[in-house]
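Visitor: Okay, here's the structure, questions in a sec.
The values are calculated or read from the model by the stated rules, or taken from the named source; none is laboratory data. As the structure is a prediction and not an experimental result, all values here were calculated from the model. FYI the Cβ positions are ideal-geometry reconstructions off the backbone, even for glycines, and counts take in every protein chain you see. To get the accessible areas, we keep the full protein, side chains included, count just its heavy atoms, and leave off ligands, DNA and RNA. Shrake-Rupley method; radii C 1.70, N 1.55, O 1.52, S 1.80 Å.
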Amino acid sequence: MPQIIDGKAISTAIKEELKIEVGKLKEEHIHICLAVIQVGNDPASSVYVGNKKKACAYIGIDSQSYELPEETTQEELLKLIRDLNEKKEVNGILVQLPLPKHIDEDEVIRAIDPKKDVDGFHPQSVGALCIGQPGFVSCTPAGIIQLLKRSGIEIAAKECVVIGRSNIVGKPMALLLLRENGTVTVAHSRTKDLKEVTKRADILIVAVGRPKMITKEYVKEGAVVIDVGIHRNENNKLCGDVDYDDVASVCSAITPVPGGVGPMTIAMLMHNCVEAGKAQ
Ligand code: NDP
């Protein structure tokens, strides 16, 4: 049986640590506040936004909610972001993605003050990560590093393979593993002989966005497997990018879906909000 990397327990531990820290900051009259912007009422986005606000309330972070109609213009959204950039009491700004098609996401992300970019998506935050300078790191990959470290899994000198090169998961993940002294390979849809590449991995991070694509044929005996994917199957049950039961028979440690990477994303968002509050 492999070690099951318990993202629920680890994220709870992080939230408890943050709750204590936020309590101490409040004694020094430092209040932390996250502004959450949602445009339109996509049901999945509403669930994510609700969960983020719940986590804020639990930890003691104030949250301001901006629920804008679907037809909000680019200029209206940019103006709100500029206003929030100026507001002293707001430490973090989060724009829930995806945005409606008529809005240019890149321009919206660029409008956020990098000091308040708690999602870590601003080009300045990404650049800082790339050259090893301080800045906010995208929450999902930052959460995966915490999962590995808090499960006692050494990254330095390990062969790490990341499947996926998206801006919010794959690329920052590769940079973080490199920062931890892993030897990193990034695979994607144009990679030749994917199985041969993934079988080299001591640590395999799967962010491919395809339900249960990764079976044991892709995994080296004894590897650590981190599944970033989230999908609903035909029975409305959650599953990941990894075929869990199949891969569990060969790996040494694995994250389940749900209860693996998912809960870490919000915990790291809360961590970034606290860091933003302290820095400001
Ligand atoms: P994207 O769709 O943006 O990226 C998928 C990546 O996988 C791309 O780089 C693509 O390559 C690559 N890919 C697709 N098909 C193949 C293939 N057959 N072989 C090799 N590589 C392939 O997804 P995201 O990075 O945004 O998300 C990945 C998964 O993680 C999704 O299931 C998503 O729902 C989930 N997710 C979970 C989060 C959480 O909190 N747990 C947070 C964010 C995402 P190419 O670049 O060449 O197209």
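Visitor: Treating each Cα of segment 1-86 as an identical point scatterer and ignoring solvent, apply the Debye formula and state log10 I(q)/I(0) at q = 0.12, 0.15, 0.18 Å⁻¹.
Guide: Reported log10 I(q)/I(0), two decimals: -0.52, -0.74, -0.91.
Visitor: A further question on this structure: What accessible area per residue, rounded to a whole number of Å², is obtained for segment 89-219 using a probe radius of 1.4 Å?
Guide: Details: 6200 Å² over 131 residues.
Each residue of segment 89-219 exposes 47 Å² on average to a 1.4 Å probe.
Visitor: Oh, and also: Given a cut-off of under 8 Å on Cα pairs at least six residues apart, what relative contact order in percent is computed for segment 69-198?
Guide: Values: 155 pairs, mean separation 21.6, N = 130.
It comes to 17 percent, rounded to a whole number.
Visitor: While we're on this one: Taking R0 as 30 Å, what FRET efficiency do you get between residue 57 and residue 234 from their Cβ-Cβ distance, rounded to the nearest 0.05? Present the calculation step by step, with values, prior to reporting the outcome.
Guide: Values: r = 35 Å, r/R0 = 1.16.
That pair, residue 57 with residue 234, gives E of 0.30.
Visitor: Highest mean first, what order results for 117-129, 25-37 on Cβ atoms within 10 Å? Intermediate results must be reported in sequence, preceding the final value.
Guide: Numbers: 117-129: 20.5, 25-37: 16.6.
For the peptides 117-129, 25-37, the packing ranking is 117-129, 25-37.
Visitor: Still on this structure, please answer the following. In segment 133-244, what percent of the accessible surface is made up of carbon and sulfur (1.4 Å probe, ligands and nucleic acids excluded)?
Guide: On the way: 2570 of 5520 Å².
C and S atoms contribute 47 percent here.
Visitor: Roughly what % of DSSP beta bridges within the chain run antiparallel, to the nearest 5? Walk me through the numbers before you get to the answer.
Guide: Values: 2 of 31 bridges.
Approximately 5 percent, going by the DSSP bridge assignments.
Visitor: Take the cross-link list 79/237; 52/237; 192/212; 24/54; 19/216; 116/195 and give me the ones stretching past 29 Å between alpha-carbons.
Guide: Values: 79/237 40 Å; 52/237 22 Å; 192/212 20 Å; 24/54 20 Å; 19/216 40 Å; 116/195 40 Å.
Too far apart for the 29 Å limit: 79/237; 19/216; 116/195.
Visitor: Next up: Please state the equivalent ellipsoid semi-axes for the chain: what are the square roots of 5 times the Cα gyration tensor eigenvalues, largest first, in whole Å?
Guide: Numbers: eigenvalues 209, 86, 66 Å².
Output for the chain: semi-axes of 32, 21, 18 Å.
Visitor: With a point put 7 Å past each Cα toward its Cβ, work out how far residue 73 is from residue 97 in nm, to one decimal.
Guide: Placing both labels 7 Å along Cα→Cβ, they lie 2.5 nm apart.
Visitor: Between residue 46 and residue 3, what is 0.36 nm times their sequence separation minus the Cα-Cα distance? Round to one decimal in nm. Write out the running numbers ahead of the final one.
Guide: Working: separation 43, 0.36 × 43 = 15.48 nm, distance 3.34 nm.
Extending this stretch completely gives an extra 12.1 nm.
Visitor: If you count only protein heavy atoms with a 1.4 Å probe, what accessible area per residue comes out for segment 25-79, rounded to a whole Å²? Each step should come with its number before you reach the end.
Guide: On the way: 3010 Å² over 55 residues.
Roughly 55 Å² per residue, with all protein chains present.
Visitor: In segment 97-182, which trypsin sites (Lys or Arg not before Pro) fall in coil by DSSP and have 12 or fewer other Cβ atoms within 10 Å? Walk me through the numbers before you get to the answer.
Guide: Values: sites: 101, 110, 115, 116, 149, 150, 158, 165, 179; in loops: 101, 158, 165.
Answer by residue number: 101.
Visitor: For the chain, what relative contact order do you get, as a whole percent, if you take Cα pairs closer than 8 Å and at least 6 residues apart?
Guide: Working: 549 pairs, mean separation 61.9, N = 280.
Taking the mean separation of contacting Cα pairs over the length of the chain, I get 22 percent.
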